[in-house]
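Here's the structure we're looking at; comments come further down.
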């Protein structure tokens, strides 16, 4: 019996737009340079669901994921993320690093608490699908 490898998107990093010093897109490839370190979110495995939908010439991006360990400090940290526009980096289902959002079309963060987890969403719009790093 052969084994099948099943993978899910993972390894989410958030780069605040104000930390980006260079950003360029050539076809489906992104070049990004930033100062500081990105916010690395430890998501519940298997819960990152990247999503793009096209309406005329605009793509709507909605990426959902879950975070564990509901606490007062973590809630305060996530509340601070809500006030910051981001570019997100993640590893897709095939192992490629993808970039979602841009300084001109940043993503916004939102969350709610339910079932002992944070149900989080990154959303925004843009001119194309998530590019490759």
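Values in this text are rule-based calculations from the coordinates and carry no lab data. Computed from a prediction, not measured in an experiment: that's the story for all the values here.
Comparing 30, 87, 99 in a Gaussian network model of the chain, where Cα atoms under 10 Å apart are tied by springs, the biggest mean-square fluctuation is seen for 30.
In nm, what is the difference between 0.36 nm times the number of residues separating residue 133 and residue 28 and their Cα-Cα distance? Display every interim value, and only then the final one.
Values: separation 105, 0.36 × 105 = 37.80 nm, distance 0.87 nm.
Stretched out fully, the residue 133 to residue 28 stretch lengthens by 36.9 nm.
Relative to the current alpha-carbon distance between residue 97 and residue 10, full extension at 0.36 nm per residue lengthens the span by 30.4 nm.
If each DSSP helix of 4+ residues adds -39,500 (n - 2.57) and the sum is divided by the residues in the chain, what number results at 222 nm, nearest 500 deg cm²/dmol? Provide the component values of the computation, followed by the final result.
Numbers: 1 runs with 10 residues, N = 133.
Computed ellipticity for the chain at 222 nm equals -2000 deg cm²/dmol.
If the chain between residue 52 and residue 125 were fully stretched, how many nm would it gain, using 0.36 nm times the residue separation less the Cα-Cα distance?
Working: separation 73, 0.36 × 73 = 26.28 nm, distance 0.89 nm.
Separation in residues times 0.36 nm, less the Cα-Cα distance, equals 25.4 nm.
With an a/c value of 1.5 or above and a/b not larger than b/c for the gyration tensor axes a ≥ b ≥ c computed over the alpha-carbon atoms, segment 64-108 is described as oblate. Remark: the Cα gyration tensor places segment 85-133 in the oblate category, a/c being 1.5 or greater and a/b not exceeding b/c. Note on segment 10-132: along the principal axes its Cα atoms extend 41, 30, 27 Å, ordered by decreasing extent.
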